[in-house]
Amino acid sequence: MKYLLFILYVYSASLFAVDNSINLLFCYEDKELPPYFLGKGPATPPQEPGATIEVLQQVVSEIPQLSLTFIRQPWKRCLNDLKHNKVDAIIASYQLKRETLGVYPKVNNQIDSTRAISEHGTCFIRRSETEITWDGLSLSGISEPTIALPAGYSSLEQLEQLPLKVVQTDSANTAQRLLKEKRVDLALTLCQISETSPHLPQSEYPNLIHMFPPLVVKHGYLVFSYQFYESQHQLAQTLWQKIGAFNTIPIFTRYLNPEFNDLKK
């Protein structure tokens, strides 16, 4: 009888474990966006997947009942699938209009930047032979410059306040290539990973120069679909708390190290 009760206990415990296992379906772009995402296409690289992906993998590994599945597709589709609860989470900067898509970490109904997964400055870049300048408020040295920018990226909002002609591209790499080929006057690039971190190395194209100060400093947040958040409220809070406590700078710094980039070539 005791043996039978023991078997029933083990069986019920195993059912409980299965019932409490949760898979997080995370969507991110199928284009390479160093240092955040490396590799192209639908597959996540088994090694060196990118700083953001590595941080997320390490955070999720701290929660035994949680597993992580990646889906890579165009960024606009990730946004749309989050809105329609086809994926559970994305990482995105905050915009008021994006609150219709998913749930951000908040305190007292205000966005909580202490639980961001990344903090980054985005800068204009120009060719070294041009004389365009940026003082943090306005551009000078050229009238109505043309800038290349990946479609769907939130920095477009800041650019609308400046006299710029925007050319939308399919990726950040394409935008920089257009700048190098003198088909546009400016592009945007990551230029710092936190307010306390040093400025990042220049673009892979030696003749492209960062223009400081950053156009904008933004935070990247783990954003949950409304359906996932409502069904897994406590788990979502736990993930945000662990992200807030995680020191991401060493991982980002490693990916941005010139020696690392040389090994990837």
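A few notes on this one:
- Rounded to the nearest 0.05, the FRET efficiency derived from the C-beta distance between T69 and K106 at R0 = 35 Å is 0.85.
- Multiplying the residue separation of L162 and N207 by 0.36 nm and removing their Cα-Cα distance gives an extension gain of 13.8 nm.
- Kirkwood Rh and Cα Rg combined as Rg over Rh, evaluated for region 119-218: 0.92
- Shape of region 41-82 from the C-alpha gyration tensor: oblate (a/c of 1.5 or more and a/b not above b/c, with a ≥ b ≥ c the square roots of its eigenvalues).
- For trypsin sites (Lys or Arg not before Pro), the sites in region 79-114 that DSSP calls loop and that have at most 16 other Cβ atoms within 10 Å are K86.
- In order along region 64-75, the Karplus-derived 3J(HN,Hα) couplings, from 6.51 cos²θ - 1.76 cosθ + 1.60 at θ = phi - 60°, round to x, 7, 10, 10, 10, 10, 9, 10, 10, 7, x, 4 Hz, and Gly and Pro are given as x.
- Net lengthening on full extension, A151/N23 (0.36 nm per residue, minus Cα-Cα): 43.1 nm
- In this rough spin-label picture, where each label sits 7 Å from Cα along the Cβ direction, the R183-D170 distance is 1.2 nm.
Read the figures in this text as sums done on the coordinates, not as results from a lab. Source: prediction; values computed, not measured. We place every Cβ from the backbone using ideal geometry, glycine too, and count neighbours over all the protein chains shown.
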